[in-house]
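> Before I ask anything, here is the structure I am working with.
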Amino acid sequence: MKKLAVLGATGSIGDSTLAVAKLHPELFDVKLLSAASNANKMANLCLTHNVNFAYMFEPQANAELAKLLAQASTQVLVTEAEYLACIASDEVDTVMAAIVGAAGLMPTLAAVEAGKTVLLANKEALVMSGALFMQSAERSGAQILPVDSEHNAIFQCLPPECQRQLGYCSLQQHGISHLILTGSGGPFLTKPLAEFNNITPELAVKHPNWSMGPKISVDSATMMNKGLEYIEAKRLFNTEKSEIQVLIHPQSVIHSMVQYCDGSVLAQLGQPDMRTPIAHVMQYPERIRSGVQGLDFNQISQLTFVEPDFARYPCLKLAIDACYSGQAATTVLNAANEVAVQRFLDGDIAFTDIAELVTQSLDGRNCETSQLDIEGILALDKESRRHALSWTSSTKA
Ligand code: NDP
Ligand code: MG
């Protein structure tokens with residue numbers, strides 16, 4: 001039986017992970033759940049899944065959870081140190097990293113450093129920490145399995161040796177020409193650019209195909225999500241610049257592809273439902289039921305593809321450029337974007353200001369530093385957030 005921890009248990013990926021776990025009570029023992037603020041939902045999850053340990057990042061929510069679970073068998077961990085120690089302990093062997101944003105870095109790294117099997121949804125942790133994350137996995141022997149649907153699709157289409165050597169495999173040596181990262185283009189694929197200034201948070205979080213948390217939904221609308229995924233792909237699959245292509249595929253049926261040198265293209269197809277990639281990694285390399293139906297090809301009238309337009313999606317260009325500008329650039333990009341998205345969701349800045357704010361955060365910065373250590377990454381993240389919070393827009397939201 002797998003001893004499962006779900007970090008970010010109250011979110012969208014958390015829901016899907018626990019739904020798959022519930023289908024297979026003989027395979028998964030849910031040992032630890034964490035979240036930030038939603039104590040009521042967490043208490044219900046702990047009771048439903050008979051969870052051993054729980055932790056809420058916000059102290060008030062953690063105290064509330066302890067009250068709610070006073071009569072239950074779940075132990076509510078009191079300090080962050082206890083929580084990180086629990087992730088690293090023998091109580092847990094498989095960790096779903098599904099906290100949103102940079103907040104996921106330290107708990108995810110704790111799992112990586114302790115050599116756990118890490119099911120990685122929290123792409124921001126990988127983007128902000130650069131080489132350090134994969135190096136740490138190599139040192140500890142942690143197995144990283146990609147949950148993000150595109151990376152999971154690519155992973156499924158790779159030769160077994162590349163799957164085993166994630167982060168270090170040479171694609172070229174395995175006859176791979178390039179990876180094709182697909183994305184839907186989000187809700188504003190055909191919206192006239194002149195109307196972009198009127199985009200509200202309500203419109204931006206309505207993704208046409210996927211149901212996700214608010215931050216990644218806004219990232220999908222700006223295509224910063226695809227940019228973060230581009231950086232994620234570089235780190236996971238050790239790609240050169242010529243080895244990744246981004247392609248808009250509005251139907252979200254193909255989740256990404258691998259082009260081989262003989263002209264073959266391998267693709268993974270499926271419903272836009274995260275339970276599929278989650279089930280794939282949870283019992284990898286075995287296949288288990290996810291609760292998702294297969295595709296009905298009679299219902300798919302067309303599969304279309306188009307190159308992304310950087311005028312429509314400046315955030316995608318910013319992320320691709322940051323990917324080749326040195327390690328500090330991706331840390332700054334991630335922090336600035338997180339603050340910008342939150343400020344947009346709070347009604348503080350306009351949709352188009354997200355790209356402006358990230359651009360100004362990166363402008364004039366020397367990112368050619370040698371590799372940052374964890375303290376350097378955290379300090380740069382903090383400073384970039386401060387800068388992004390104080391940024392003022394020339395247009396009013
Ligand atoms: P949600 O906003 O739905 O959920 C976020 C989760 O993180 C919540 O459980 C939240 O807790 C928790 N959380 C936030 N801060 C902390 C913290 N400091 N400590 C512990 N828990 C915290 O996000 P999603 O599930 O959509 O996304 C999660 C991650 O997965 C993101 O990195 C995203 O990019 C990635 N991802 C998501 C996909 C999707 O389809 N949703 C697809 C591919 C990747 P609370 O609710 O209690 O505040
Ligand atoms: Mg994705």
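> Place a point 7 Å from Cα of THR190 in the direction of its Cβ. Which residues in segment 214-228 have their backbone N less than 19 Å from it?
221-223
> Ok, one more. Out of segment 1-103, which trypsin sites (Lys or Arg not before Pro) are coil in DSSP terms and have no more than 10 other C-beta atoms within 10 Å?
Sites meeting the loop and neighbour criteria: none at all.
> Relative contact order for the chain using alpha-carbon pairs under 8 Å, separation at least 6, rounded to a whole percent?
Normalised by residue count, the contact order of the chain is 15 percent.
> Select from GLN143, GLN173, GLN60 the residue whose mean-square fluctuation is largest in a Gaussian network model of the chain (Cα-Cα springs shorter than 10 Å).
Of the options given, GLN173 has the highest mean-square fluctuation.
> Something else: Going by amide H atoms built from the backbone, whose H comes under 5 Å of the H on GLY115, apart from near neighbours?
ALA142
> What order do you get for MET96, MET274 when you list them from fewest to most C-beta neighbours inside 10 Å?
Ascending Cβ contact count within 10 Å gives the list MET274, MET96.
> Build a GNM of the chain with springs between Cα atoms under 10 Å: which of HIS280, HIS174, HIS151 gets the top mean-square fluctuation?
HIS174
> Then there's this: Across 10 Å bins from the origin, how do the percents of Cα pairs in segment 189-290 run, short distances first?
The percentages, shortest bin first, are 12, 36, 36, 14, 2.
> Can you give me the distance in nm between label points at GLU138 and LEU27, each placed 7 Å from the Cα along the Cα-to-Cβ direction?
Here the modelled spin labels are 3.1 nm apart.
> By the 4.7 Å beta carbon criterion, which cysteine residues of the chain come out unpaired?
So, CYS46, CYS86, CYS157, CYS261, CYS315, CYS323, CYS367.
> Quick one: 3J(HN,Hα) in Hz for segment 289-299, Karplus 6.51/-1.76/1.60 with θ = phi - 60°, rounded, Gly and Pro as x.
So the Karplus estimates, Gly and Pro as x, are 5, 10, x, 9, 6, x, 6, 9, 5, 5, 8 Hz.
Just so you know, all these numbers are worked out from the coordinates, no wet-lab data involved. Bear in mind that the values here come from a model prediction, so they are computed numbers and not experimental data. Positions of Cβ are backbone-derived with ideal geometry, glycine not excepted, and every protein chain shown enters the neighbour counts.
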